[in-house]
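The values are calculated or read from the model by the stated rules, or taken from the named source; none is laboratory data. Predicted model only: the values in this text are computed from it and were never measured. Keep in mind that these areas ignore ligands, DNA and RNA; they rest on the heavy atoms of the full protein, side chains included. Shrake-Rupley method; radii C 1.70, N 1.55, O 1.52, S 1.80 Å.
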Amino acid sequence: NAGVTQTPKFRVLKTGQSMTLLCAQDMNHEYMYWYRQDPGMGLRLIHYSVGEGTTAKGEVPDGYNVSRLKKQNFLLGLESAAPSQTSVYFCASSYPKPEQFFGPGTRLTVL
Amino acid sequence: DAKTTQPPSMDCAEGRAANLPCNHSTISGNEYVYWYRQIHSQGPQYIIHGLKNNETNEMASLIITEDRKSSTLILPHATLRDTAVYYCIVRVDGDMRFGAGTRLTVKP
């Protein structure tokens with residue numbers, strides 16, 4: 001099993017550009033999450049999903065959109081990237097077991 | 001959600017037990033205590049969780065006080081690879097709310 005994978009691993013954007021981050025899990029988990037981590041800080045929840053076709057806002061949802069069209073995939077979109085969105089983005093999945101399994105992260109720089 | 005308080009940093013000698021404390025004085029009856037760690041810039045890794053009773057797995061032990069207002073994560077024989085940021089999180093279920101954690105440095 002690959003667990004949780006994230007694509008791409010690195011990306012550099014210019015202000016105003018758009019992009020989509022892909023998260024995939026092969027553990028048949030119901031719940032999926034997107035977090036961001038800024039330097040020296042803990043993770044903050046952006047959006048999450050409790051099942052296929054559902055999404056909900058987390059702590060810091062502004063500037064992001066998500067979609068969960070398939071159970072195994074959770075997409076995070078940035079419609080108009082801003083320098084404040086420079087961060088490391090982590091995807092995670094869980095349930096029915098309560099512990100979350102995290103991906104390796106995507107390092108995004110917005111110039 | 002209950003708030004947690006952890007020391008910002010701790011040191012431990014290699015081969016010795018590392019005891020990481022966490023205060024969660026406002027924890028409610030149905031909230032679990034979770035521990036995760038993050039090694040360098042990797043994704044966080046689940047360690048252990050518990051509700052009332054002490055728990056042990058292949059990675060660590062979790063000791064929860066009887067009043068559940070605090071807990072201790074124990075790494076019985078710390079190695080250099082255990083150097084990481086350790087997060088104590090109190091949640092019912094669903095998403096984890098990460099604070100600043102404790103930066104554990106294991107020294108030779």
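Among the listed pairs B:3/B:52; B:69/B:107; A:97/B:52, which have their C-alpha atoms separated by more than 20 angstrom in this model?
Going by Cα-Cα distance, B:69/B:107 fall outside the 20 Å limit.
Can you tell me what percent of all Cα-Cα pairs in region B:2-53 are more than 12 Å apart?
Counting every Cα pair in region B:2-53, those more than 12 Å apart make up 75 percent.
Assuming 1.002 mPa s and 20 °C, estimate D for chain A with Stokes-Einstein, Rh taken as the Kirkwood radius over Cα pairs, in µm²/s.
155
Before we go on, tell me the buried accessible area for the A/B pair, both chains summed, 1.4 Å probe, in Å² to the nearest 100.
Counting both chains, the buried surface is close to 1300 Å².
Rounded, prolate or oblate: which one fits region B:54-108, using the alpha carbon gyration tensor with axes a ≥ b ≥ c (rounded when a/c is under 1.5, else prolate when a/b beats b/c, else oblate)?
Numbers: a/c = 2.06, a/b = 1.38, b/c = 1.49.
In terms of gyration-tensor shape, oblate.
Can you give the accessible area of residue B:77, probe radius 1.4 Å, in Å² rounded to 10?
130
Just give the residues from region B:43-69 buried by at least 50 square angstrom of accessible area in the all-chains context relative to the isolated chain, probe 1.4 Å, and say none if nothing qualifies.
Residues of region B:43-69 that lose at least 50 Å² of accessible area once the other chains are added: B:44.
For region B:39-78, divide the Cα radius of gyration by the Kirkwood radius and give the resulting Rg/Rh value with two decimals. Present the calculation step by step, with values, prior to reporting the outcome.
Details: Rg = 11.6 Å, Rh = 11.3 Å.
Radius of gyration over Kirkwood radius for region B:39-78 works out to 1.03.
Show log10 I(q)/I(0) for region A:1-59 at q = 0.25 Å⁻¹, two decimals, from a solvent-free Debye sum over equal Cα scatterers.
Those come out to -1.26, one per q.
Which whole-number percent of Cα pairs in the protein assembly as shown have a distance greater than 23 Å?
48
When a/c reaches 1.5 or more, the comparison of a/b and b/c decides; with that in mind, is chain B rounded, prolate or oblate per its Cα gyration tensor?
Verdict is prolate for chain B.
Whose amide H sits under 5 Å from the amide H of residue B:70, counting only residues 5 or more places off or on another chain, with H placed in the peptide plane?
Amide H neighbours of residue B:70, under 5 Å, 5+ apart: B:24, B:65.
Carbon and sulfur atoms: what percent of the 1.4 Å accessible area of chain B do they account for? Intermediate values should be presented prior to the final figure.
On the way: 2670 of 5560 Å².
Carbon-and-sulfur percentage of accessible area, whole number: 48.
Dimensions of region A:25-83 along principal axes (Cα, Å, largest first)?
Projected onto the principal axes, the Cα atoms of region A:25-83 cover 33, 24, 17 Å.
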